[in-house]
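Input: a single structure, listed below in structure tokens.
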Amino acid sequence: MFMRKNQIKCVSKAVLVIIILLFSNELLAQNQRVNSKSNNYFWDNVQFGGGIGLGFGSGYTDISLTPSAIYNFNEYVSLGLGAQYSYVSQKNYYNSHLYGGSLIALFNPIREIQLSAELEELRVNINPNDPSLTSEQFWNTGLFLGAGYRTANVTIGVRYNILQDDNKNVYSDAFMPFVRVYF
């Protein structure tokens, strides 16, 4: 009889250990599913976009590449990051390279209207073709407030640089039209 109680205790302990292992494995599997859903949920709310600019004229070249990504917190608010590189050249005068980044906040009070605030920091390198002139290098900061009409993934609008300095700025005017596309 004593042997039987001992065997029952051992079997009971083994069954208990197996049940605990099965439940803990199931709990870990559920935790992994929740984590993978939250990972997918993050990427479901990320949109990529940007722009490519090409401008050619009589001895003038302007090429720019501006990739960006935003995270949609909800249908009203998005925040994102952007990068920018531009090459600008005026034949017989100068060539320049501009590069930097930006932070952007988008607010959609209604589906068709998009308001934006964008802080942009660019490094500007201007190299004149005339050897008697010196090269110029400086940082250019812009803070753009904008508004646009939005349809699907495209927004067309205008933005205004509230930090515009006509003496030291890469943009000739504080008002700038834009087309913003995110996929």
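The values are calculated or read from the model by the stated rules, or taken from the named source; none is laboratory data. Being a predicted model, the structure only gives us computed values, none of them experimental. Positions of Cβ are generated from backbone atoms using ideal geometry, with glycine treated the same way; all protein chains shown enter the neighbour counts.
Restricting PHE107, PHE138, PHE56 to those that are more than 15 Å from TYR171 (Cα to Cα) and modelled with pLDDT under 95 reduces the list to PHE56.
So, TYR99, is that one under 23 Å from ILE63 (Cβ atoms) and touching a Lys or Arg at 6+ places or on another chain (Cβ under 6 Å) or not? Against the criterion (under 23 Å from ILE63 (Cβ atoms) and touching a Lys or Arg at 6+ places or on another chain (Cβ under 6 Å)), TYR99 qualifies.
Scan the stretch 148-176 for residues that are more than 21 Å from ALA83 (Cβ to Cβ) and either exposed (fewer than 14 other Cβ atoms within 10 Å of the Cβ) or free of Cβ contacts under 8 Å to residues at least 12 places away in the same chain (or both) and the total you get is 12. Testing LEU98 on (1) modelled with pLDDT under 95; (2) farther than 30 Å from TRP43 by Cβ, one condition comes back false. Which one is that? Going through the list (1) modelled with pLDDT under 95; (2) farther than 30 Å from TRP43 by Cβ, LEU98 breaks only (1). Scanning the stretch 72-92 for residues that are among the hydroxyl-bearing types (Ser, Thr, Tyr), assigned to a strand (DSSP E or B) and either farther than 17 Å from GLY51 by Cα or outside the structural domain of ASN153 (by TED's automatic domain parsing) (or both) returns SER78, SER89. In this structure, is ASN95 under 11 Å from the mean Cα position of the chain (by Cα), assigned by TED's automatic domain parsing to the domain that holds TYR171 and farther than 20 Å from VAL158 by Cα? It is false that ASN95 is under 11 Å from the mean Cα position of the chain (by Cα), assigned by TED's automatic domain parsing to the domain that holds TYR171 and farther than 20 Å from VAL158 by Cα.
Criterion first (surrounded by 10 or more Cβ atoms within 10 Å (Cβ to Cβ), at pLDDT 55 or above, closer than 30 Å to ALA152 by Cα and of a type in the set (A, V, I, L, M, F, W, C)) does ALA69 satisfy it? For ALA69, the condition - surrounded by 10 or more Cβ atoms within 10 Å (Cβ to Cβ), at pLDDT 55 or above, closer than 30 Å to ALA152 by Cα and of a type in the set (A, V, I, L, M, F, W, C) - is met. In the stretch 132-144, the residue that is farthest from LEU106 (Cα to Cα) out of those that are surrounded by 13 or more Cβ atoms within 10 Å (Cβ to Cβ) and under 22 Å from the mean Cα position of the chain (by Cα) is ASN140. Among strands (runs of 3 or more DSSP E) entirely within the stretch 130-183, having at least 2 residues that are under 22 Å from TYR94 (Cα atoms) and among the aromatic types (Phe, Trp, Tyr) singles out 136-151. Condition first: in the same structural domain as PHE56 (by TED's automatic domain parsing) and either touching a Pro at 6+ places or on another chain (Cβ under 6 Å) or without any contact (Cβ under 8 Å) to a residue 12 or more places away in the chain (or both). Can you find one or more residues in the stretch 112-127 that meet it? For the stretch 112-127, residues in the same structural domain as PHE56 (by TED's automatic domain parsing) and either touching a Pro at 6+ places or on another chain (Cβ under 6 Å) or without any contact (Cβ under 8 Å) to a residue 12 or more places away in the chain (or both): absent.
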